[in-house]
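Please treat every number below as a calculation from the coordinates, not as lab data. Model, not experiment: these values are computed from the prediction. Cβ atoms come from the backbone with ideal geometry, glycine included; neighbour counts cover every protein chain shown.
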Amino acid sequence: MQINGVVIEDTFAEAFGMKATRIVITAVNRHWARQAAETMTGFATSVIGCGVEAGIENEIPETQTPDGRPGIGVLLFGMSGKDLAKQLERRTGQCVLTCPTTAVFAGMQDGEQLPLGKNLRYFGDGYQISKLIAGRRYWRVPVMDGEFLAEETTARCGAVGGGNFLVLARTQEQALAACEDAVIAMRRLPNVVLPFPGGIVRSGSKVGSRYKSLMASTNDAYCPTLRGLVASRLDDATGAALEIVVNGLDEQDVSTAMRAGIRAVCARGAEQGITRVSAGNYGGKLGQFHFRLHEVLGALT
Amino acid sequence: MSVILRQVRSTRQRIDFSGILPGRLAAMNPDDIRRIPLHLGNHPLPLAELFEVEIQDGPSDELLLLPVDGGLDQIGTGLENGRIIVDGDAGHYTGRAMRGGIIEIRGNAGDSTGSGMHGGRLSIDGNVGARTGAPAAGERRGQQGGLIHIRGNAGERAGERMRRGLMVIDGDCGDLLGHCMIAGTLCARGRVGELAGHGMRRGTLLLNRLPPALGSTIVDNGRQQLPFLRLLLNDIQRRTGGPVIAADDRATVQRYVGDLACDGRGEILVLD
């Protein structure tokens, strides 16, 4: 398959079942809401090293937030409900509670509940106040700028993590520019986050390593500087590859986001140096979800 | 089929109306309803001696009650579901310990309205007597859930020993509002008598204006900006309709805390 001169490889992205939750962070203005959200999701690129994968889902206008202040929606993904709960509480406590003027609310209501303010309330040292409003419990924790308001729990749901595609281009600049376009297109969509820096990964990995202590190592087949040394997947015209990883609340969300991203990449076309779009997988034996690029793009062709 | 009970004469003694619930009536035929025993004091008599029974099209869990005066006590006691409409005045202990459903009183109600209420919605178009939502004698807790909405005025000790839920008084209220309140939210839109919040341990009194006198163990906490207030005001507006206490939720509100003679974690918020 080719789109605008870009080869779409007949392969698939392999993704995994995860647990996810959504929270809404509000603050006195959008700057401080985003500050808290970025801090919370800053070191949350991969469950392997960070315990959780997280990102900003969207900006929420004042009219749609519980307390009528500007808000940011954040999605967090963990490999288990327990891992997710631990990271949610730790990150809310260290990154949102500490951030001036913020409040935090559940972004999901139905399903198994994860503690949000339930345990953080003890920071109030006995001066915390509970309020039951419209059937939901909130905690008001006294802090130095007033009160930190946190909803007691937020729900979690099943999710899909690790949807991906690789963008191969003649130069690093061309690959990056195309990926930036893809990120912009994908971040417009609901229910997905791109957990890596700026939404883009340059250090794609393979399973295993020659070093016993590492469970993953560099994806040598796509490293241009290893061409000639390993069984490279890069042709002579390709100078760089970048990956976009997407996590979503369900299979359809991930598929839709991948389609939007690949479409944006292909819009640049071969004329702007994009040579190929591929995807990362582990032979199909590890992940429950397979996103075949040709099927994902089915609507386009 | 909903049931209409039209009172045909007044009585010198008060009538215990507990047990006359829409769910129970829905399962009975009109003759059985007419034979339900009522009590005037300790004197039993069939319902038909005091009420005309009509069945009309409508929701099966609805009871329309047309009293001649406010002599019917304990209307809707223990209500769990369904709807009772009182087209007139209700007596004492209306909605006593109700757990769900709706009671609408289109007139006034007596003392201890909503006493020990656990859930549901109780609205009164007129005024209520003293001790609205308060516990019955020997009980430790008053209102423990649900909504009591009084569109008129309330007597003294409204919200006494309230534990949970929401009470909204659109009009004025007497002394000792929220007396010994344990928790919950009590919103008074009109004038408030003396010693509001006296003995309160936790909970929120939301007032439109500063009471004339607060107890010496209710202390000034200064003006505060409270993010939860927007949520609370929205919820009150959604559940009671009409204008909420006029307040810019981004502005600061005057806050008092207490009662320091008790747990001291209650608050009085004045939104003037």
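Structure above, values below:
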| item | result |
| --- | --- |
| Relative contact order (%) - the range B:62-270, alpha-carbon pairs under 8 angstrom, separation at least six | 11 percent |
| Using a Förster distance of 56 Å, the FRET efficiency for residue B:32-residue A:221 (Cβ separation, nearest 0.05) | 0.10 |
| 19 Å Cα-Cα reach of residue A:131 towards aspartates and glutamates, excluding residues that sit fewer than 8 places from it in its own chain | A:67, A:147, A:151, A:152, B:160, B:235, B:249, B:259, B:263, B:267 |
| Rounded D (µm²/s) - the range A:1-101, Kirkwood Rh over Cα pairs, Stokes-Einstein at 37 °C, 0.692 mPa s | 219 µm²/s |
| Loop sites in the range A:193-301: chymotrypsin sites (Phe, Trp or Tyr not before Pro), DSSP, at most 14 other Cβ within 10 Å | A:211, A:282 |
| Cα point-scatterer Debye curve for the range A:18-157, base-10 log of I(q)/I(0) at q = 0.09, 0.12, 0.13 Å⁻¹ | -0.22, -0.40, -0.48 |
| The protein assembly as shown: antiparallel DSSP beta bridges as a percent of all, rounded to 5 | 65 percent |
| Cα centre as origin, Lys/Arg/Asp/Glu Cβ charges: the range A:18-157 dipole, Debye | 240 debye |
| Ranked list, fewest to most other Cβ atoms within 10 Å of each Cβ, for A:179, A:157 | A:157, A:179 |
| Estimated dipole of the protein assembly as shown in Debye, rounded to 20 [Cβ of Lys and Arg +1, of Asp and Glu -1, Cα centre] | 1180 debye |
| Charge sum, other residues only, whose C-beta stays under 9 Å from residue B:120's C-beta, Lys/Arg counted +1 and Asp/Glu -1 | +1 |
| Paramagnetic label zone (point 7 Å from Cα along Cα-to-C-beta, residue A:180; backbone N under 14 Å) in the range A:52-74 | none |
| Neighbouring partner chain Cβ atoms per residue of B:258-267, average, 10 Å criterion | 1 |
| Per-selection Kirkwood Rh - the range B:62-270 (Cα, Å, 1 d.p.) | 16.5 Å |
| Per-residue mean of C-beta atoms belonging to partner chains within 10 Å, peptide A:122-132 | 3 |
| Two-decimal Rg to Rh for the range A:65-110 - Kirkwood Rh, Cα set | 0.98 |
| Calculated on alpha-carbon atoms, Rg and Dmax of the protein assembly as shown in Å | 31.7, 107 |
| Order of B:150, A:8, B:85 - criterion: other Cβ atoms within 10 Å of each residue's Cβ, fewest first | B:85, A:8, B:150 |
| Dipole of chain B [Lys/Arg +1, Asp/Glu -1 at C-beta], most positive-end residue of B:13, B:74, B:236 | B:236 |
| Förster radius 60 Å - calculated FRET efficiency between residue A:173 and residue A:127, Cβ distance, rounded to 0.05 | 0.65 |
| Per principal axis, descending, Cα span of chain A in whole Å | 66, 44, 31 |
| Relative contact order, percent, the range A:18-157 [alpha-carbon distance under 8 Å, six or more residues apart] | 28 percent |
| Value of D in µm² per second that Stokes-Einstein yields for the range A:149-194, Kirkwood Rh from Cα pairs, at 37 °C (0.692 mPa s) | 242 µm²/s |
| Farthest toward positive dipole pole in the protein assembly as shown [+1 Lys/Arg, -1 Asp/Glu at C-beta], among B:224, A:175, A:239 | A:239 |
| Charge context of residue A:110, other residues only, Cβ under 13 angstrom, K/R +1, D/E -1 | +2 |
| For residue B:175, net neighbour charge (Lys/Arg +1, Asp/Glu -1) across residues whose Cβ lies under 13 Å away | -1 |
| Residue order, fewest to most beta carbons within 10 Å, for A:98, A:225 | A:225, A:98 |
| Share, in percent, of DSSP beta bridges within the range A:18-157 that are antiparallel, nearest 5 | 95 percent |
| The range B:62-270 - charge dipole about Cα centre, Lys and Arg +1 at Cβ, Asp and Glu -1, debye rounded to 20 | 740 debye |
| Whole-Hz ³J(HN,Hα) from phi, Karplus 6.51 cos²θ - 1.76 cosθ + 1.60, for the range A:184-194, glycine and proline x | 4, 5, 6, 6, 6, 8, x, 6, 10, 9, 10 |
